[in-house]
Ligand code: GLA
Ligand code: ZN
């Protein structure tokens with residue numbers, strides 16, 4: 001396992017570079033990431049390239065055995081470029097060019113920007129192609145789906161529609177444009193969602209497609225960069241650093257064209273009100289591992305208190321720097337790069353803390369980081385080891401976009417049920433894969449397919465086959481609601497899943513912020529919220545029923561035998577206890593081994609290498625926890641990670 005740091009030579013006096021590199025080498029830092037925002041220093045004037053300063057920095061690291069990840073600096077074109085080629089600046093929803101002065105202003109489709117960015121990448125990659133210290137490339141920085149509304153992007157959008165639908169009539173039909181006399185008679189009439197209408201007034205079919213286009217536009221940009229990098233600098237893996245943002249590109253599509261996934265990981269430094277929320281860190285890591293279903297990198301890892309565009313947050317508590325680094329390894333990361341070596345003394349991010357404070361005196365956080373670096377060296381064998389999982393949860397960007405466009409009821413959001421299911425599996429000490437809905441399901445015993453809202457025929461078929469062949473499938477409310485265009489399917493819910501569920505919905509009730517009681521057959525009382533399907537069982541048996549509301553007594557959770565397999569249907573959005581209770585019995589009946597005795601906030605994961613299995617037990621709580629796990633006595637300090645291999649302690 002490798003530890004790296006994000007470093008900005010262009011922010012510091014040269015005298016510091018050597019000192020920093022010496023300390024890095026002594027501490028066990030194996031790589032640095034450089035240059036993602038440094039275009040103005042690599043091409044200070046159009047066509048004039050200066051890599052000397054970067055060569056010097058790369059050499060300083062290389063001479064100390066520290067590898068370099070170089071980045072294409074395309075998220076921050078220099079101001080001379082925007083001045084000379086104003087169309088390179090993105091256009092906002094109001095139809096006006098956005099104000100420059102921060103970062104990420106570029107239009108990904110502007111020909112001048114693409115020409116100059118292409119030349120920059122070309123120069124940079126040819127310059128560094130022969131340098132063995134360059135171990136990987138990062139494309140741009142934290143790419144988001146392309147929501148630029150310039151003429152060029154509108155043209156691309158129309159071309160994308162034409163390619164998809166061939167005729168305006170076919171598009172009108174797919175969107176149901178007869179509503180409100182919205183039928184187009186030419187491609188030129190199609191406008192992106194400009195203006196100040198509330199989103200809810202816009203046609204959901206049109207909006208889902210616009211989101212698909214915006215995502216694919218970014219993926220095309222990422223693929224274009226990857227192609228230049230590979231051509232000029234063969235043999236060096238290419239990635240981009242991703243994160244959860246407002247306009248996410250479809251990660252599955254984006255990373256298909258890249259060699260490995262990297263993710264920017266900033267776990268919260270203060271305990272959230274809801275302790276369940278602490279499992280979110282594990283959730284994000286499992287989701288990231290599932291994108292390419294292989295080990296991944298953290299390209300930016302929490303190093304200090306966050307700040308700048310937020311009020312400054314608490315510093316990481318003792319144990320967090322090391323513990324969260326190890327947690328990433330436990331969930332499948334092979335390399336963790338910390339953001340950043342030293343807190344910036346200049347620029348907007350001067351309060352987003354690095355490992356070393358402005359004092360330049362390595363302190364408590366740095367000492368913990370140093371401990372992590374030496375431990376990482378003893379874990380070299382874990383590199384590449386897989387997190388083998390019996391249980392998977394399906395994720396889909398189609399659903400992510402569609403639910404964002406039409407939040408179903410007060411408080412409803414797509415990720416919630418996925419997260420609650422993930423917590424329930426995690427509490428039983430199972431490795432859980434969160435994978436794209438189009439993935440092959442073979443090898444899993446249980447597949448949770450929550451909120452299969454926008455229907456994809458291939459996915460529906462795979463779930464049917466998986467259950468028919470003996471798998472366990474968990475379906476939930478809001479499944480089979482929409483066709484592939486995001487229009488409603490006219491049939492009783494869950495429409496295409498009705499045969500699997502062995503039940504159908506006679507009516508539904510979005511109860512929003514209210515709660516409903518759900519009683520399991522064994523008497524356990526749990527609560528649901530937000531949404532209730534009122535169900536009629538056909539072949540399914542009822543394992544829990546509503547115990548309040550006018551539909552009290554009707555089924556809330558059902559189990560159906562489908563082919564050789566079993567299908568569960570959860571008709572409401574449960575509170576966590578509902579999933580905990582249900583999933584334990586699902587796992588037991590599926591015969592999947594699980595751990596007895598994990599206390600809340602303790603995570604157990606395993607990574608399996610060629611001849612070794614590593615077991616990671618992490619206490620993601622700021623209190624000591626002592627417990628018996630399958631009979632073994634374990635005590636963990638706050639944020640402590642215990643790693644064992646075949647019963648031998650490693651940490
Ligand atoms: C993101 C960016 C970094 C930096 C950090 C912290 O992850 O990629 O450049 O801005 O946030 O603010
Ligand atoms: Zn544009």
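Quick rundown of the values:
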quantity: Counted residues, segment 548-602 - those being part of a loop (DSSP other than H, G, I, E, B) and more than 24 Å from residue 530 (Cα to Cα); calculated: 13
quantity: Candidates 596, 588 - the one that is closer than 18 Å to residue 391 by Cβ and either in contact (Cβ under 8 Å) with a residue 12 or more places away in the chain or within 29 Å of the chain's Cα centre (by Cα) (or both); calculated: 596
quantity: Scan of segment 143-159 for residues that are crowded, with 20+ Cβ neighbours inside 10 Å, more than 8 Å from ligand 2 (Cβ to nearest atom) and within 22 Å of residue 72 (Cα to Cα), ordered by number; calculated: 143, 145
quantity: Test: residue in segment 190-200 that is free of Cβ contacts under 8 Å to residues at least 60 places away in the same chain and assigned to a helix (DSSP H, G or I); calculated: no
quantity: Residue within segment 147-155 that is under 27 Å from residue 69 (Cβ atoms), more than 16 Å from ligand 1 (Cβ to nearest atom) and touching a helix residue (DSSP H, G or I) at 6+ places or on another chain (Cβ under 6 Å) present; calculated: no
quantity: Scan of segment 297-336 for residues that are more than 14 Å from ligand 1 (Cβ to nearest atom), in contact (Cβ under 8 Å) with a residue 60 or more places away in the chain and in a loop (DSSP other than H, G, I, E, B), ordered by number; calculated: 317, 318, 319, 331, 332
quantity: Hey, residue 451 assigned to a loop (DSSP other than H, G, I, E, B), in contact (Cβ under 8 Å) with a residue 24 or more places away in the chain and buried (at least 24 other Cβ atoms within 10 Å of the Cβ) or not; calculated: yes
quantity: Meets criteria (within 30 Å of residue 211 (Cα to Cα), within 16 Å of ligand 2 (Cβ to nearest atom) and modelled with pLDDT of 95 or more) for residue 249; calculated: yes
quantity: Residues being in a helix (DSSP H, G or I) and buried (at least 16 other Cβ atoms within 10 Å of the Cβ) - total across segment 224-250; calculated: 7
quantity: Single residue of 437, 419, 408 found to be in contact (Cβ under 8 Å) with a residue 60 or more places away in the chain and touching a strand residue (DSSP E or B) at 6+ places or on another chain (Cβ under 8 Å); calculated: 408
quantity: Entirely in segment 66-169, the helices (runs of 4 or more DSSP H) that have 2 or more residues that are touching a strand residue (DSSP E or B) at 6+ places or on another chain (Cβ under 7 Å); calculated: 79-84, 111-128
quantity: Evaluation of residue 203 against (1) away from ligand 2 (no atom under 16 Å from the Cβ); (2) in contact (Cβ under 8 Å) with a residue 12 or more places away in the chain; (3) more than 25 Å from residue 481 (Cβ to Cβ); (4) more than 26 Å from the chain's Cα centre (by Cα) (one fails), failing number; calculated: (3)
quantity: Residues within segment 38-65 that are in a loop (DSSP other than H, G, I, E, B) and under 23 Å from residue 230 (Cβ atoms), tallied; calculated: 4
quantity: Residue identified as at pLDDT 95 or above and touching a strand residue (DSSP E or B) at 6+ places or on another chain (Cβ under 8 Å) among 325, 304; calculated: 325
quantity: The lone exception for residue 259 - which of (1) more than 16 Å from ligand 1 (Cβ to nearest atom); (2) crowded, with 18+ Cβ neighbours inside 10 Å it fails; calculated: (2)
quantity: Subset of segment 619-650 (residues that are assigned to a loop (DSSP other than H, G, I, E, B) and touching a helix residue (DSSP H, G or I) at 6+ places or on another chain (Cβ under 6 Å)); calculated: 620, 639
quantity: Residue identified as surrounded by fewer than 23 Cβ atoms within 10 Å (Cβ to Cβ) and in contact with a helix residue (DSSP H, G or I) (Cβ under 6 Å, 6 or more places away or on another chain) among 580, 483, 522, 514; calculated: 580
quantity: Residue, surrounded by the most Cβ atoms within 10 Å (Cβ to Cβ), within segment 85-96, restricted to residues that are free of Cβ contacts under 8 Å to residues at least 40 places away in the same chain and touching a helix residue (DSSP H, G or I) at 6+ places or on another chain (Cβ under 8 Å); calculated: 88
quantity: Identity of the residue in segment 337-387, closer than 22 Å to residue 313 by Cβ and part of a strand (DSSP E or B), that ends up nearest to ligand 2 (Cβ to nearest atom); calculated: 339
quantity: Where residue 116 falls short, out of the listed (1) more than 16 Å from ligand 2 (Cβ to nearest atom); (2) at pLDDT 95 or above; calculated: (1)
quantity: Options 288, 254; residue that is modelled with pLDDT of 95 or more, surrounded by 17 or more Cβ atoms within 10 Å (Cβ to Cβ), touching a strand residue (DSSP E or B) at 6+ places or on another chain (Cβ under 6 Å) and closer than 23 Å to residue 213 by Cα; calculated: 288
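The values are calculated or read from the model by the stated rules, or taken from the named source; none is laboratory data. Please read these numbers as outputs of a predicted model, since none were measured by experiment. When we count neighbours, we look across all protein chains shown, and the Cβ atoms used for this are built from the backbone with ideal geometry, even at glycine.
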